[in-house]
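The values are calculated or read from the model by the stated rules, or taken from the named source; none is laboratory data. In this text, all values refer to a predicted model and were calculated from it rather than measured experimentally. Here the Cβ positions follow ideal geometry from the backbone for every residue, glycine too, while neighbour counts run over all protein chains shown. These accessible areas exclude ligands, DNA and RNA; they are computed on the full protein's heavy atoms, side chains included. Shrake-Rupley method; radii C 1.70, N 1.55, O 1.52, S 1.80 Å.
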Amino acid sequence: QVQLVESGGGLVQAGGSLRLSCVASGSIFSINDMGWYRQAPGKQRELVASITTGGSTNYADSVEGRFTISRDNAKNTVFLQMNSLKPEDTGVYYCNANTIVAVVGKYFGVWGQGTLVTVSS
């Protein structure tokens, strides 16, 4: 069994920063694309940022220039550095792995449990 565990969420004032982390566990050989999604109250889940194994990144227009996604392949970890936070960044942030190859098998579309980010005005 593999799982993703997020951490780093919390309450921050507008203009502040937070750094989210997501660790994959479970005797993993490799993980391909990873990403961060968020879901605001009453809205659909949306892609915030993604990163390939090689480090190529993609960002939603709303976070471009403020958020930075990175990963440590050796530690099966992906990060999201969030700067200049705005109230509209509030939501539950979910980590996602497209494909995880582990000792016990291959997993597709793996999600973490989410971490809440609240930005006050």
What's the carbon and sulfur percent of the chain's accessible surface, probe 1.4 angstrom, rounded to a whole number? 49 percent
Give me the extension gain from Gln13 to Ser25: residue separation times 0.36 nm, minus the current Cα-Cα distance, reported in nm with one decimal. 1.1 nm
What lysines does Lys43 reach when the alpha-carbon gap must be under 29 Å and sequence neighbours fewer than 8 apart in one chain are set aside? Lys86
Cα gyration tensor shape of the range 1-54, rounded if a/c is under 1.5, else prolate or oblate by comparing a/b with b/c: prolate
So how far apart, in nm, are the two label points at Trp111 and Ala60 if each is 7 Å from Cα heading toward Cβ? 1.5 nm
